[in-house]
Structure formats: structure tokens, C-alpha cells
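Colleague: My questions all concern the structure below.
The values are calculated or read from the model by the stated rules, or taken from the named source; none is laboratory data. From a predicted model like this one, the values you see are computed outputs, not experimental measurements. Cβ sites come from the backbone with ideal geometry, for glycine too, and all protein chains shown count toward neighbours.
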Amino acid sequence: MATHGKRSRGRPRSEEGGAGQGKVQSLDRAITLLKLVSEGSGLSLTEVSDAAGLAPSTAYRMLTTLQQHGMVEFDEINQLWFVGVETFRMGTTFLRRRKLVERGRTVIQLLMQETGETANLAVADEEAVVFVSQVETHEAIRAFFRPGTRSPYHASGIGKAILAYRAPEQVERLIARCGLEGFTEKTLTSAAALADDLTAVRGRGFAIDDEERNPGMRCVAAPVFNEFEEPIGGVSVSGPSVRVTDARAETYGPRVRAAGQEITQAMGGRWPDADVGAGGSPS
């Protein structure tokens, strides 16, 4: 019977000084060529070699090697190089393992340490946001959302951060289907009030749940986007309003937004260049 000993290391001990050590120049050049081809819509050999700063003969040998592995393809008729199907296959492998929890865990751990408040991750579901991960603060009084907990979009920091970047018609359909239930005296229960708040969210890049779901609890949240600039989830910090004061919430906002951007990038997503969402125009 096979035995499982200690797994081998990810790199030789002699190469543990940093990512810049041990670089293979030919591989580095080949990856550069692959990036150039993938970003174009068909490039000639001259265009590839000029952009990479390589002699045409060197660029051609690298391209044909990549072609043999299916990483690039050559159009004989137009004499142009394109990205190959094998590159797409590898990309889909990355997409399969790309999970919000996996990519965001380290980020929310650091977020909790920096703010001293509970940090959360949630994903967008059809009619609510679903909390999937949490790093609790060490404070005796703290927010707690068990994984799987659902919260209505309009009464959740992450929910409002997501809605702010959805198309107006999507928000309208959600309101028509789910309504705007009041949970506290501060819950936004009218479409107009919610629309005004979403405009503010887009303007600053983060949302604030000001005791709108649970009395005495405040939350600061930012969205996470996929590769199509669609909001698919969010990150937040939450805690009692006696600690997360209005002033402190505004201080946490940019840090939470940065966390959303960091997770978005780690997942291969794209943060919108302009703050466009419900309302239909840049704010």
C-alpha cells in the first residue's frame, strides 16, 4: 500500500529569496509573447516581434513552440497569430477554482485586524445576499453572521453595495418581486430613498448599513466584481454602532473599498472604470 510522506517543496531552498530569482529568460519572453497575442485581434509576426523587442526569427521560434502546445494559432490565409484554444482551456481551469471565499479569506483577516471589527464576505443570490465567510473580532460585543445567513439587498451593506452597480431595471424588478420590508425605523422602505442611497454608494465606492437590518449594528461594505464588471458579492466590516460611529464608518469606507478592489483583482475581475449602476449614468 502506498504511503504518503511529506510533500515536496514548491521551490528549491536556494530559490526562496524572492520571486525575482531564478527567472528563465526564454520562458519569460514566451509568456510576454503570449500576452501580446492574447491582447490583440490577430497580429503579424512583425507586430509581435516589434512589440516584444525581439528579432523576428526569435519571436517566430517561440510562437511556433507555443503553437505546438495549442497556446497560439496561426491563420495561414491572413498570416496572423491568434490566442489558442489551450490558453482558453487553462483559463477555464482557473475559473473553476476561483471562489470568493478562497480569494477573499486573507483579505478579510487583515481587514478585521486593521479595523478591530468583524469582517464578512457574501455572495449575490437571486433575492438576497448570502454570507459565506467571516472573521470575528475579539471584542465581547460583536456582529455575527453564520455562514448561509441571508439578508435582503435593501437592508444590507453588501446588498446595497451590489445594487448600486446593477442596472436600474434590475433593481426595479427586484423591488417589484421582493418588496422593501421594514426591519427597523431606519430601513429604506421606499424606492426613492433607496435610489438616493445607491447614488451615494456609487459616489464614494462603499455602502453603509446604518442600523437598517438590526438595531444597534452598523456595517460598511463594498462590492466585488467579476470579469464583466458585474457585482457578484461583497466584503464588509460590521459592529455595534457605539463603536462603529458615523465618523468611524466614513474612515473604514476607503479601506473596505480597497479590500473589495483587491478581492476583485485576485478573482480576475474588473472594478468599473466609472461608477455606473442604478440610475444609469456616471456619478
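Colleague: Quick check on region 260-283. Is at least one of its residues among the aromatic types (F, W, Y) and modelled with pLDDT under 95?
Modeller: Yes, region 260-283 has at least one match.
Colleague: Of the numbered conditions (1) over 30 Å from P254 (Cβ atoms); (2) assigned to a strand (DSSP E or B); (3) without any contact (Cβ under 8 Å) to a residue 40 or more places away in the chain, I31 satisfies every one except a single condition; which is it?
Modeller: Looking at each condition in turn, I31 falls short on (2).
Colleague: OK, next. Which of the numbered conditions does E230 fail, given that it passes all the others? Conditions: (1) within 10 Å of the chain's Cα centre (by Cα); (2) at pLDDT 95 or above.
Modeller: Only one criterion in (1) within 10 Å of the chain's Cα centre (by Cα); (2) at pLDDT 95 or above is unmet by E230, namely (2).
Colleague: Can you name the residue in region 159-192 that is assigned to a loop (DSSP other than H, G, I, E, B) and under 24 Å from the mean Cα position of the chain (by Cα) and is also nearest to D273 (Cα to Cα) among such residues?
Modeller: Y165
Colleague: Every residue in region 141-158 that is closer than 16 Å to V220 by Cβ and not in a helix (DSSP H, G or I), please.
Modeller: R142, A143, F145, S151, S156
Colleague: Looking only at region 107-129, which residues are buried (at least 18 other Cβ atoms within 10 Å of the Cβ) and not small (G, A, S)?
Modeller: V107, I108, L111, M112, T115, E117, T118, N120, L121, V123, V129, listed by residue number.
Colleague: Right, here's the next one. From the set of residues in region 48-82 that are in contact (Cβ under 8 Å) with a residue 12 or more places away in the chain and part of a loop (DSSP other than H, G, I, E, B), which is farthest from S26 (Cα to Cα)?
Modeller: Ranking the qualifying residues of region 48-82, first place goes to N78.
Colleague: On the basis of being surrounded by fewer than 23 Cβ atoms within 10 Å (Cβ to Cβ) and among the polar types (S, T, N, Q), does S133 make the cut?
Modeller: yes
Colleague: Given the residues A195, A200, A207, which is the only one that is on the phi < 0 side of the Ramachandran plot, under 20 Å from the mean Cα position of the chain (by Cα) and not aromatic (F, W, Y)?
Modeller: The match here is A207.
Colleague: Can you tell me which residue is farthest from A222 (Cα to Cα) among those in region 105-140 that are touching a residue at least 24 places away in the same chain (Cβ under 8 Å) and of a type in the set (D, E, K, R)?
Modeller: E139
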